[in-house]
Amino acid sequence: MKPNFNEMTVPELRKYVLTHRDDMEAIRALFHHPSLKYQEMPPLVTGDGMPIAENIRIAEEAIKKRVEIDREKQQQREKAQEDKLRLKLEREIEQKLRAKIELEVEQKLQENLEKEIEALISAIAQFLTSTSGLSSRLATPIALLAIRAGIEDFGDF
């Protein structure tokens, strides 16, 4: 059962025609859709060349209306383009800032880790010096070796 082409909007009818390309009735309905017909203007002058003021006024109003519609459409296109560009820029800025922030955070974490490792080596070296009688020159490399090797219970000897 075919749909009622007269009740369909132009976008609906276009979609139907694109999916039913052989349906000549639908194609005719699309080409003769009332919303797609151009408004015919009355003559602007009489047969002997005299201007018809009322028809000129009607034509001017129609032209002004069409210009306003075109201007609104252009503004909508420009706004959509502007919004799209703004969104793209925001994404790019966010990506660049995110990468920079992640790098800074990674550097800070690395610095903190290095400070903690230095403090840990120092504490282990002090422990070795005080409990085993090793010199501080030997205790520090032993502590470093123990941390790198992951030796557990290295102080139990």
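Every number in this text was worked out from the coordinates using simple rules, so none of it is lab data. Note that the structure is a prediction, hence the values are computed from the model and not measured. FYI the Cβ positions are ideal-geometry reconstructions off the backbone, even for glycines, and counts take in every protein chain you see.
For the reader, a short list of remarks on this structure follows.
- Here the extension length gained between residue 115 and residue 134 equals 4.5 nm, from 0.36 nm per residue of separation less the Cα-Cα distance.
- Size descriptors for the range 35-80: radius of gyration and Dmax over Cα atoms are 14.8, 50 Å.
- Burial ordering of 50, 1, fewest other beta-carbon atoms within 10 Å first: 1, 50
- Neighbour-count ranking [beta-carbon atoms within 10 angstrom, fewest first] of 122, 135, 35: 35, 135, 122
- Rounded to 0.05, the FRET efficiency of the residue 105 and residue 148 pair, given R0 = 25 Å and the Cβ-Cβ distance, is 0.50.
- Cα gyration tensor shape for the chain, rounded if a/c is under 1.5, else prolate or oblate: prolate
- Rounded FRET efficiency, nearest 0.05, which uses the C-beta distance separating residue 73 from residue 22 and R0 of 25 Å: 0.15
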